[in-house]
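Worksheet: the structure to be examined is printed underneath.
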Amino acid sequence: MAWTVEPDPLHPEEALAWFRRRLPLPEPVWRTLREEARRRAFWVAGLAALDMVQETKDALEEALSRGLPFEDFQRSLSERVRTAWGEGSRHRLATVFRTNLQLAYGAGRWKAAEETRSLRPYWGLQVVLDGRTSETCRPLAGVVLPADHPFWRNHIPPLHHGCRTALVTYSREEGERLAWREAPDHAPQEGFGRAPTAEEWSPHPRDYDPILWRAFVTALPQAHPEALAHLRRLAEGGGEAQPDPRDWLWAAGAMGQAPFSRRVQGVPPEERPLLGVSRASSLEIHLRRRFLEKQLSEAATLEAYERLCQETALSPEAALFAYRRNQGPVLAALLPVEWAVPEPLRGPELRGYWLVVYSFWSGTLVTGYAASELSRLRIPWGEVVWLRKPPWLPSLPSLP
């Protein structure tokens, strides 16, 4: 008998929009996340390569949008994905197919129920009662409760793997007539039943859990090693090349996991009396310069300085661009200082914009510093290739 999932004829657009907003992650990365961060992640047990996870997600999205059966979904996957689990792969693929589509349909029904709550303030569970009904859902058949009842915090279908139960709504008159006096004390399977949030339909990076966003973006360069070579060509093009819409993600991922060089080098002679050292790593030299300029407070450690530079690139509000400087092609991230630098690390002279630069030549971050105006940044603005221009940037009158 073929595995099937009945398409939701009422709210397929909401289900598809919810599914599209989930971020693909390899299983090992997903397992490092806290529960809250996992909410908007898409992962597949047994798949440790991001490109295979992405392929599976794309195939599921196609099935969801066109109402395709499991057999079509299975045929659309490459041999590499189909055989990734070895023996029993068909059964596991079927579980992936059914669970993810039911999660999407369940989210779509929840959103529709939320939007009509004022007209239909009672919710219920429609349980399919037959020989395949689970012991999780059978005791919940026919339950009707007010939409604001705590029961619905963790009883939004699907309630387990392969769940066929659906959320339904009732008018006030119907609900008052059918409502149960007490909510059933019967929990769903672990990992199921939790109500979505409105943010789960948002495509904007700032509406994702920061830990999930960081995990997703920093996993991209490993899955797409060719992207760095493409970004380097953009930087070397002197502003003439046209970037792809997703290039900013690869740039953020590369910068967000890149360290400063720890190789000890000689400090320029003229700076030695000011910085107090004759030899130091690039990381230490730049942090000492920020202390000297009073841009950062003494609370900034080497690790904190490096981390704030990485987080600048990963920020949902960062401007990202590529250009060529004397030392070679680079990537850069830019943010207003109040968004980039945490309060405890701010020095008395910190103002304007925080710039972070990544070198293709060394594969490391090479500096992070502030300037009071964009025109004071050491950037050849006419040769910049913009990868991402956030809304706050064009509105600034000082933009060169």
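Every read-out reported here was derived from the displayed coordinates using simple, explicitly stated rules and does not represent laboratory data. Keep in mind that this is a model prediction, so the values were computed, not measured. Here the Cβ is made from the backbone with ideal geometry for all residues, glycine too, and neighbour counts use every protein chain on show.
Summary table
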{"item": "Neighbour-count ranking [beta-carbon atoms within 10 angstrom, fewest first] of 244, 207", "result": "244, 207"}
{"item": "Spacing of the two label points (7 Å from each Cα toward its C-beta) at residue 207 and residue 229, in nm", "result": "3.7 nm"}
{"item": "Theoretical FRET efficiency, 1/(1+(r/R0)^6), r = Cβ-Cβ of residue 115 and residue 222, R0 30 Å, to 0.05", "result": "0.15"}
{"item": "Residue-by-residue Karplus 3J(HN,Hα) for the range 154-170, coefficients 6.51, -1.76, 1.60, Hz, glycine and proline x", "result": "9, 9, 8, x, x, 9, 5, 4, x, 5, 10, 6, 10, 7, 10, 10, 9"}
{"item": "Environment charge at residue 388 (Cβ cut-off 11 Å; Lys +1, Arg +1, Asp -1, Glu -1)", "result": "0"}
{"item": "Amide H contacts of residue 122 (H built 1.01 Å from N, under 5 Å, at least 5 apart or other chain)", "result": "147, 170"}
{"item": "Charged-residue dipole, Cβ positions (Lys, Arg, Asp, Glu), the range 224-388 about Cα centre, Debye nearest 20", "result": "400 debye"}
{"item": "Distant-in-sequence amide H partners of residue 281 (H built 1.01 Å from N, under 5 Å)", "result": "265"}
{"item": "Under-5 Å amide H pairs with residue 241, H placed in peptide plane, nonlocal only", "result": "none"}
{"item": "Helix-only CD estimate at 222 nm, as mean residue ellipticity for the chain, using -39500 (n - 2.57) per DSSP H run (n ≥ 4)", "result": "-10500 deg cm²/dmol"}
{"item": "Neighbour-count order for 170, 208, fewest beta carbons within 10 angstrom listed first", "result": "170, 208"}
{"item": "186, 204, 160 arranged by Cβ crowding within 10 Å, fewest neighbours leading", "result": "204, 186, 160"}
{"item": "Simple Cβ-charge dipole of the chain, Lys/Arg +1 and Asp/Glu -1, about Cα centre, in debye nearest 20", "result": "720 debye"}
